[in-house]
1. Can we say Ser253 is surrounded by 13 or more Cβ atoms within 10 Å (Cβ to Cβ), assigned to a helix (DSSP H, G or I), in contact with a strand residue (DSSP E or B) (Cβ under 9 Å, 6 or more places away or on another chain) and modelled with pLDDT of 80 or more?
2. Could you check region 14-30 and list, in sequence order, the residues that are among the hydroxyl-bearing types (Ser, Thr, Tyr) and surrounded by 14 or more Cβ atoms within 10 Å (Cβ to Cβ)?
3. Scan region 98-121 and report the pairs whose first residue is closer than 27 Å to Gly87 by Cβ and whose second residue is assigned to a helix (DSSP H, G or I) and polar (S, T, N, Q), with Cβ atoms within less than 9 Å and a gap of 6+ or a chain change.
4. Which ones in region 98-132 are of a type in the set (A, V, I, L, M, F, W, C) and out of contact with any strand residue (DSSP E or B) (no Cβ under 8 Å at 6 or more places or on another chain)?
5. Name the pairs: first residue in region 13-41 and touching a residue at least 40 places away in the same chain (Cβ under 8 Å) and under 15 Å from Leu88 (Cα atoms), second residue of a type in the set (Lys, Arg) and in a helix (DSSP H, G or I), Cβ to Cβ under 7 Å, at least 6 apart or on different chains?
6. Quick check, is Ser262 part of a helix (DSSP H, G or I) and either in contact with a strand residue (DSSP E or B) (Cβ under 8 Å, 6 or more places away or on another chain) or modelled with pLDDT of 90 or more (or both)?
7. Tally time: how many residues in region 31-60 are surrounded by 15 or more Cβ atoms within 10 Å (Cβ to Cβ), at pLDDT 85 or above and not charged (D, E, K, R)?
8. Which of the residues spanning region 232-259 are more than 15 Å from Ile82 (Cα to Cα) and among the acidic types (Asp, Glu)?
Amino acid sequence: MAGLKEVKKRIGSVKNIRKITKTMEMVSAAKSRKMMNRVHDSQPYGKKIFEIMDNLSKYGTNIDTPFLKQKENPQKYVLLIITANRGLCGAYNSNVLKLARQRIKELQENKKDFKIYVIGKKGASYFKFIRVPVEKVYTNFEDNFKYEDTKQLMDSFMEQFLNQEFDILEIISTHYYSSTSQKPEIKQLLPIISQQKSDKQKEEKIQPNTIMLPSKEEILRKIIPHILEFSLYKLVLEAITSEQIYRRIAMKSASDAANDMSKSLTRLYNRKRQGKITQEISEIVAGADAIK
C-alpha cells in the first residue's frame, strides 16, 4: 500500500492536472461561444442565397452547367474529410473517421474509384496508420480561419470537377445543429442536388410579371459557384464549432474526474495519517507502561 508521501504526491499531481483541464475547458468555452456566434451570423446570408437559387428554379430557369448535372453511373469520387489538428476533444475525431471508413468500404465494395483529401492532422495520422493513401492534407483550418481559405479550396475542387477529374465531391464532417446536438454526416457538394418541391408550391410562388436584369440564367450561372464556396465555408465552420464544443465537454469531464479523484485521495491520506498517529500514540502508551 502506498505511503503518506506517495499519496500526497498523487494528490498534488491530480490537482495540477485539474488546473490544466479547467483552463482548457474555459478556453474551449470561450472559443465555442465565438464559433457559435459565427455560425448563427452566417445563417441569414446562407438562407437568402439558397432562397434566391430556389426562386430562380421556380421561374423555370434552366441553364446548361455541369455543376447541376447528375451522372447516371458516377465512377470517380472525391472525399473531403474534416477532422481536428489536435486531440483532447472526446469522440469528435473518432466519430468522423468511423463514418469515413464506412463510406470508403461502400465505395470499395461497389468498385468505385476515390481520392481522399483531409483537413486536420488527426485525420492525416489515422489514414497513414491504416495505410490508406491521402491526396492532400490541409492543416491551416483553425478557429480563426477565414472565408478566403475555403473559397480557395472550393475553387480548386470546382476546377478539377470541370476538368472531369471526378464525378462527385462528398464532405464528411460534423454538422452543428445546436449547442447540445452535433452529428457526423456525409454531404454531397458537387454536383449540386436540387431541392425539388411540389408543383403546387411552385405555382404559388411564381410571379410571371417579374423582370430580372441581368437574365435569370446569368444570375443563376454566377450565383452557383458562390453557393458552392459558401456551402464549404459553412461545413468547415460547423465542424470547427463542434470540435470546440466536444473539447469543452471532454475537459469538463476530465476536471470533474480529477476533482473526484482528489477528494478520494485526500480521504485516503487522512485515514492513513490518522492511522499512523493512532499507532504512534499506542507505542508511546505501551512504552510508558513498560517503564512502570
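1. No; evaluated as a whole, the condition is false for this residue.
2. Thr21, Ser28, listed by residue number.
3. Cβ pairs passing all conditions: Phe114/Gln108; Gly120/Asn93.
4. The answer is Phe129, Ile130.
5. If the second residue must be of a type in the set (Lys, Arg) and in a helix (DSSP H, G or I), the pairs left are Glu25/Arg248; Glu25/Lys252; Ser28/Arg247; Ser28/Arg248; Ala29/Arg248; Ser32/Arg248.
6. no
7. Of the residues in that region, 5 qualify.
8. To start, the set of residues in region 232-259 that are more than 15 Å from Ile82 (Cα to Cα) comprises 245, 247-259.
Answer for region 232-259, where residues must be more than 15 Å from Ile82 (Cα to Cα) and among the acidic types (Asp, Glu): just Asp256.
The values are calculated or read from the model by the stated rules, or taken from the named source; none is laboratory data. Predicted model, so just to flag it, every value in this text is computed and none were measured. Counting neighbours? That spans all protein chains shown, and the Cβs are built from the backbone with ideal geometry, glycine included.
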